[in-house]
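The values are calculated or read from the model by the stated rules, or taken from the named source; none is laboratory data. A quick note: this is a predicted structure, and the numbers were derived from the prediction, not measured. Using ideal geometry, Cβ is built from the backbone for each residue, glycine included, and neighbour counts are taken over all protein chains shown. Side chains are part of the model used for accessible areas, which takes the heavy atoms of the whole protein and leaves out ligands, DNA and RNA. Shrake-Rupley method; radii C 1.70, N 1.55, O 1.52, S 1.80 Å.
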Amino acid sequence: MTQRIFDTHLHIIDPAHPLVENNGFMPGPFTVDDYQRRIDGLGIKGGAVVSGSFQAFDQGYLIDALKALGPNYVGVTQVPGDTSDTRILELHEAGVRAVRFNVARGGSANLDDIDRLARRVHDLAGWHAEFYIDARTIDENLSRRIAALPAASIDHLGMHEDGLSNLLRLVERGVKVKATGFGRVELDPAATVRAIDATDPTALMVGTDLPSTRALRPFRDEDLALIVDALPADRVADVFWNNAASFYLGA
(Lines give C-alpha, C1' and ligand atoms only; values in the text may rest on other atoms or scores of the structure.)
Protein backbone atom coordinates (compact mmCIF):
# COMPACT_ATOMS: atom_id res chain seq x y z
CA MET A 1 0.00 0.00 0.00
CA THR A 2 1.05 3.60 -0.54
CA GLN A 3 -1.09 4.89 2.34
CA ARG A 4 0.88 5.59 5.51
CA ILE A 5 -0.26 3.26 8.31
CA PHE A 6 -0.14 3.40 12.10
CA ASP A 7 -0.28 -0.21 13.29
CA THR A 8 -2.30 0.10 16.49
CA HIS A 9 -1.92 -3.52 17.58
CA LEU A 10 1.19 -5.67 17.38
CA HIS A 11 2.98 -8.00 19.74
CA ILE A 12 6.71 -8.49 20.10
CA ILE A 13 7.63 -11.84 21.66
CA ASP A 14 11.28 -11.82 22.68
CA PRO A 15 12.47 -15.06 24.33
CA ALA A 16 15.26 -13.10 26.00
CA HIS A 17 12.57 -11.82 28.39
CA PRO A 18 10.16 -13.67 30.70
CA LEU A 19 7.09 -15.38 29.25
CA VAL A 20 4.32 -17.05 31.22
CA GLU A 21 1.91 -19.75 30.10
CA ASN A 22 -1.68 -18.54 29.74
CA ASN A 23 -4.49 -21.09 29.61
CA GLY A 24 -1.96 -23.69 28.49
CA PHE A 25 -0.58 -21.49 25.70
CA MET A 26 3.02 -20.39 25.26
CA PRO A 27 3.85 -18.32 22.14
CA GLY A 28 6.81 -18.76 19.84
CA PRO A 29 9.29 -15.94 19.19
CA PHE A 30 8.33 -12.87 17.15
CA THR A 31 11.12 -10.34 17.50
CA VAL A 32 11.44 -6.76 16.30
CA ASP A 33 13.42 -8.06 13.32
CA ASP A 34 10.66 -10.58 12.54
CA TYR A 35 8.04 -7.82 12.68
CA GLN A 36 10.01 -5.45 10.46
CA ARG A 37 10.56 -8.15 7.85
CA ARG A 38 6.85 -9.05 7.87
CA ILE A 39 5.60 -5.49 7.36
CA ASP A 40 8.11 -4.56 4.67
CA GLY A 41 6.27 -2.82 1.85
CA LEU A 42 3.01 -2.27 3.75
CA GLY A 43 3.55 1.43 4.48
CA ILE A 44 3.62 1.02 8.27
CA LYS A 45 5.45 3.99 9.78
CA GLY A 46 4.48 3.71 13.43
CA GLY A 47 2.49 1.61 15.83
CA ALA A 48 1.59 0.37 19.29
CA VAL A 49 3.36 -2.62 20.85
CA VAL A 50 0.77 -4.33 23.05
CA SER A 51 1.54 -6.53 26.06
CA GLY A 52 0.01 -9.99 25.74
CA SER A 53 -1.40 -12.15 28.51
CA PHE A 54 1.70 -14.33 28.20
CA GLN A 55 3.92 -11.38 29.20
CA ALA A 56 2.09 -10.62 32.44
CA PHE A 57 3.67 -7.54 34.01
CA ASP A 58 7.13 -7.78 32.41
CA GLN A 59 8.26 -4.44 30.99
CA GLY A 60 11.77 -5.31 29.88
CA TYR A 61 10.77 -6.68 26.49
CA LEU A 62 8.58 -3.64 25.84
CA ILE A 63 11.24 -1.10 26.71
CA ASP A 64 13.76 -2.89 24.46
CA ALA A 65 11.25 -3.15 21.60
CA LEU A 66 10.38 0.54 21.72
CA LYS A 67 14.05 1.50 21.67
CA ALA A 68 14.57 -0.66 18.58
CA LEU A 69 11.43 0.44 16.71
CA GLY A 70 11.89 4.19 17.14
CA PRO A 71 9.88 7.26 18.20
CA ASN A 72 6.74 6.60 16.14
CA TYR A 73 6.09 3.46 18.20
CA VAL A 74 4.51 3.46 21.65
CA GLY A 75 3.72 0.84 24.26
CA VAL A 76 0.44 -0.49 25.64
CA THR A 77 1.24 -2.35 28.82
CA GLN A 78 -0.23 -4.32 31.70
CA VAL A 79 0.62 -3.15 35.20
CA PRO A 80 -0.62 -4.18 38.64
CA GLY A 81 -2.97 -1.79 40.37
CA ASP A 82 -0.39 -0.97 43.05
CA THR A 83 2.30 0.14 40.57
CA SER A 84 3.96 3.25 41.95
CA ASP A 85 3.61 6.68 40.38
CA THR A 86 7.37 6.71 39.89
CA ARG A 87 7.27 3.49 37.87
CA ILE A 88 4.40 4.72 35.71
CA LEU A 89 6.34 7.87 34.90
CA GLU A 90 9.43 5.79 34.09
CA LEU A 91 7.37 3.72 31.66
CA HIS A 92 5.95 6.88 30.14
CA GLU A 93 9.48 8.15 29.56
CA ALA A 94 10.23 4.83 27.80
CA GLY A 95 7.29 5.39 25.43
CA VAL A 96 4.32 3.69 27.09
CA ARG A 97 1.05 5.49 26.41
CA ALA A 98 -1.74 3.15 27.56
CA VAL A 99 -2.70 0.50 30.08
CA ARG A 100 -4.35 -2.70 28.84
CA PHE A 101 -7.09 -4.67 30.56
CA ASN A 102 -7.28 -8.20 29.20
CA VAL A 103 -10.85 -9.07 30.12
CA ALA A 104 -11.22 -11.75 27.44
CA ARG A 105 -8.30 -13.89 28.65
CA GLY A 106 -8.61 -13.22 32.35
CA GLY A 107 -6.15 -11.67 34.75
CA SER A 108 -7.80 -8.25 34.89
CA ALA A 109 -8.78 -6.68 38.16
CA ASN A 110 -12.36 -6.11 39.26
CA LEU A 111 -14.29 -3.16 37.84
CA ASP A 112 -13.52 -0.81 40.72
CA ASP A 113 -9.80 -1.53 40.44
CA ILE A 114 -9.89 -1.11 36.64
CA ASP A 115 -11.64 2.23 37.01
CA ARG A 116 -9.22 3.40 39.69
CA LEU A 117 -6.08 2.41 37.75
CA ALA A 118 -7.33 3.78 34.42
CA ARG A 119 -8.06 7.14 35.98
CA ARG A 120 -4.80 7.25 37.92
CA VAL A 121 -2.55 6.59 34.92
CA HIS A 122 -4.48 9.14 32.86
CA ASP A 123 -4.20 11.81 35.53
CA LEU A 124 -0.53 11.04 36.09
CA ALA A 125 0.78 10.46 32.56
CA GLY A 126 -2.09 11.02 30.12
CA TRP A 127 -2.42 7.31 29.32
CA HIS A 128 -5.63 5.89 27.91
CA ALA A 129 -7.13 2.48 28.72
CA GLU A 130 -7.42 -0.37 26.22
CA PHE A 131 -9.84 -3.28 26.61
CA TYR A 132 -9.53 -6.73 25.08
CA ILE A 133 -13.14 -7.77 25.60
CA ASP A 134 -15.96 -9.56 23.86
CA ALA A 135 -18.51 -6.79 23.29
CA ARG A 136 -21.35 -9.24 23.99
CA THR A 137 -20.29 -9.16 27.65
CA ILE A 138 -20.46 -5.37 27.99
CA ASP A 139 -23.55 -4.86 30.14
CA GLU A 140 -25.01 -1.47 31.00
CA ASN A 141 -22.87 -1.08 34.12
CA LEU A 142 -19.60 -1.84 32.33
CA SER A 143 -20.60 0.30 29.35
CA ARG A 144 -21.15 3.30 31.61
CA ARG A 145 -17.81 2.73 33.34
CA ILE A 146 -15.82 2.44 30.09
CA ALA A 147 -17.56 5.43 28.49
CA ALA A 148 -16.93 7.55 31.58
CA LEU A 149 -13.15 7.01 31.47
CA PRO A 150 -11.07 9.94 30.23
CA ALA A 151 -9.96 7.97 27.14
CA ALA A 152 -10.48 4.34 26.10
CA SER A 153 -10.34 1.94 23.17
CA ILE A 154 -11.65 -1.54 22.35
CA ASP A 155 -9.54 -4.19 20.60
CA HIS A 156 -10.47 -6.30 17.58
CA LEU A 157 -13.80 -4.66 16.64
CA GLY A 158 -15.34 -5.98 19.86
CA MET A 159 -14.87 -9.59 18.72
CA HIS A 160 -18.45 -10.66 17.90
CA GLU A 161 -21.30 -9.49 15.66
CA ASP A 162 -23.82 -9.88 18.48
CA GLY A 163 -21.93 -7.24 20.48
CA LEU A 164 -22.04 -4.57 17.76
CA SER A 165 -24.87 -2.59 19.31
CA ASN A 166 -22.97 -2.50 22.63
CA LEU A 167 -19.83 -1.38 20.79
CA LEU A 168 -21.57 1.38 18.88
CA ARG A 169 -23.05 2.79 22.09
CA LEU A 170 -19.49 3.20 23.34
CA VAL A 171 -18.36 4.74 20.04
CA GLU A 172 -21.16 7.29 20.36
CA ARG A 173 -19.62 8.31 23.69
CA GLY A 174 -16.08 8.77 22.36
CA VAL A 175 -14.52 5.31 22.77
CA LYS A 176 -12.08 4.33 19.99
CA VAL A 177 -12.03 0.95 18.22
CA LYS A 178 -9.21 -1.02 16.60
CA ALA A 179 -9.95 -2.74 13.29
CA THR A 180 -7.56 -5.59 14.01
CA GLY A 181 -7.48 -9.34 14.44
CA PHE A 182 -9.77 -10.38 11.59
CA GLY A 183 -8.57 -13.95 12.08
CA ARG A 184 -10.03 -14.05 15.60
CA VAL A 185 -13.36 -12.22 15.22
CA GLU A 186 -16.86 -13.55 14.56
CA LEU A 187 -18.32 -10.73 12.49
CA ASP A 188 -18.28 -9.12 9.05
CA PRO A 189 -15.23 -6.80 9.23
CA ALA A 190 -16.30 -4.59 6.32
CA ALA A 191 -19.81 -4.00 7.65
CA THR A 192 -18.49 -3.38 11.17
CA VAL A 193 -15.86 -0.92 9.93
CA ARG A 194 -18.51 1.03 8.03
CA ALA A 195 -20.83 1.13 11.04
CA ILE A 196 -18.12 2.43 13.38
CA ASP A 197 -16.85 5.04 10.94
CA ALA A 198 -20.39 6.27 10.28
CA THR A 199 -21.01 6.60 14.04
CA ASP A 200 -17.84 8.58 14.79
CA PRO A 201 -15.28 9.38 12.07
CA THR A 202 -12.53 9.79 14.72
CA ALA A 203 -13.09 6.37 16.32
CA LEU A 204 -11.66 3.79 13.93
CA MET A 205 -7.97 2.80 13.81
CA VAL A 206 -6.26 -0.07 11.98
CA GLY A 207 -3.67 -2.63 13.01
CA THR A 208 -2.14 -5.96 12.06
CA ASP A 209 -2.43 -8.00 15.29
CA LEU A 210 0.88 -9.60 14.30
CA PRO A 211 1.90 -12.32 14.96
CA SER A 212 -1.78 -13.22 15.52
CA THR A 213 -1.21 -15.56 18.46
CA ARG A 214 -4.09 -18.00 19.02
CA ALA A 215 -6.09 -16.58 16.09
CA LEU A 216 -7.80 -19.03 13.76
CA ARG A 217 -5.72 -17.51 10.97
CA PRO A 218 -2.87 -14.98 10.97
CA PHE A 219 -2.98 -11.43 9.64
CA ARG A 220 -3.04 -11.13 5.86
CA ASP A 221 -2.10 -8.09 3.79
CA GLU A 222 -5.58 -8.39 2.28
CA ASP A 223 -7.07 -7.44 5.66
CA LEU A 224 -5.86 -3.88 5.10
CA ALA A 225 -7.18 -3.88 1.55
CA LEU A 226 -10.57 -4.98 2.88
CA ILE A 227 -10.71 -1.89 5.09
CA VAL A 228 -9.76 0.38 2.20
CA ASP A 229 -12.53 -1.12 0.08
CA ALA A 230 -15.07 -0.71 2.88
CA LEU A 231 -14.47 3.02 3.28
CA PRO A 232 -15.02 6.08 1.09
CA ALA A 233 -11.69 7.16 -0.37
CA ASP A 234 -11.67 10.38 1.65
CA ARG A 235 -11.86 8.42 4.92
CA VAL A 236 -8.83 6.18 4.40
CA ALA A 237 -6.11 8.55 5.60
CA ASP A 238 -7.92 9.21 8.88
CA VAL A 239 -8.59 5.54 9.59
CA PHE A 240 -5.12 4.37 8.59
CA TRP A 241 -3.05 7.12 10.21
CA ASN A 242 -4.62 10.33 11.49
CA ASN A 243 -7.02 8.93 14.10
CA ALA A 244 -4.34 6.73 15.67
CA ALA A 245 -1.59 9.35 15.48
CA SER A 246 -3.82 11.74 17.37
CA PHE A 247 -4.77 9.11 19.96
CA TYR A 248 -1.32 7.63 20.56
CA LEU A 249 1.13 10.36 19.61
CA GLY A 250 -0.91 13.50 20.15
CA ALA A 251 -0.05 14.40 16.54
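Observations on the model:
- For GLY158, net neighbour charge (Lys/Arg +1, Asp/Glu -1) across residues whose Cβ lies under 13 Å away: -2
- Prolate is the label for the stretch 72-146, because a/c, from the alpha-carbon gyration tensor with a ≥ b ≥ c as root eigenvalues, is 1.5 or above and a/b exceeds b/c.
- Between ALA68 and ASP113, the C-beta separation translates, for a Förster distance of 41 Å, into a calculated FRET efficiency of about 0.80.
- When you work out D = kT/(6 pi eta Rh) for the stretch 1-113 at 10 °C and 1.306 mPa s, using the Kirkwood radius from C-alpha pairs as Rh and the Stokes-Einstein form, the result is 107 µm²/s.
- Summarised in one figure, the compactness ratio Rg/Rh of the chain, Cα atoms and Kirkwood Rh, is 0.93.
- Charge context of ASP115, other residues only, Cβ under 14 angstrom, K/R +1, D/E -1: +2
- For the stretch 101-218, the normalised intensity computed at q = 0.12, 0.13, 0.14 Å⁻¹ comes to -0.40, -0.47, -0.55 (log10 of I(q)/I(0), Debye sum over alpha carbons, equal scatterers, no solvent).
- Linear extension gain, ALA56 paired with GLU222, 0.36 nm per residue minus alpha-carbon span: 56.6 nm
- Theoretical FRET efficiency, 1/(1+(r/R0)^6), r = Cβ-Cβ of SER246 and ASP188, R0 30 Å, to 0.05: 0.65
- Scattering curve values for the stretch 66-106, log₁₀ I(q)/I(0), Debye with Cα scatterers, q = 0.17, 0.26, 0.28, 0.32 Å⁻¹: -0.51, -0.92, -0.98, -1.11
- Helix-only CD estimate at 222 nm, as mean residue ellipticity for the chain, using -39500 (n - 2.57) per DSSP H run (n ≥ 4): -9500 deg cm²/dmol
- Within the shell of other residues whose beta carbon sits under 12 angstrom from the beta carbon of TYR248, the net charge comes to +1, with Lys and Arg scored +1 and Asp and Glu -1.
- Separation between Cα centres of the stretch 1-16 and the stretch 182-251, rounded to whole Å: 13 Å
- Restriction of the chymotrypsin sites (Phe, Trp or Tyr not before Pro) in the stretch 51-92 to DSSP coil positions whose beta-carbon has at most 14 other beta-carbons within 10 angstrom yields PHE57.
- Take SER84: with every protein chain present and a 1.4 Å probe, its accessible area is about 60 Å².
- FRET efficiency, PHE25 to ARG87 (Cβ-Cβ, R0 25 Å, nearest 0.05): 0.35
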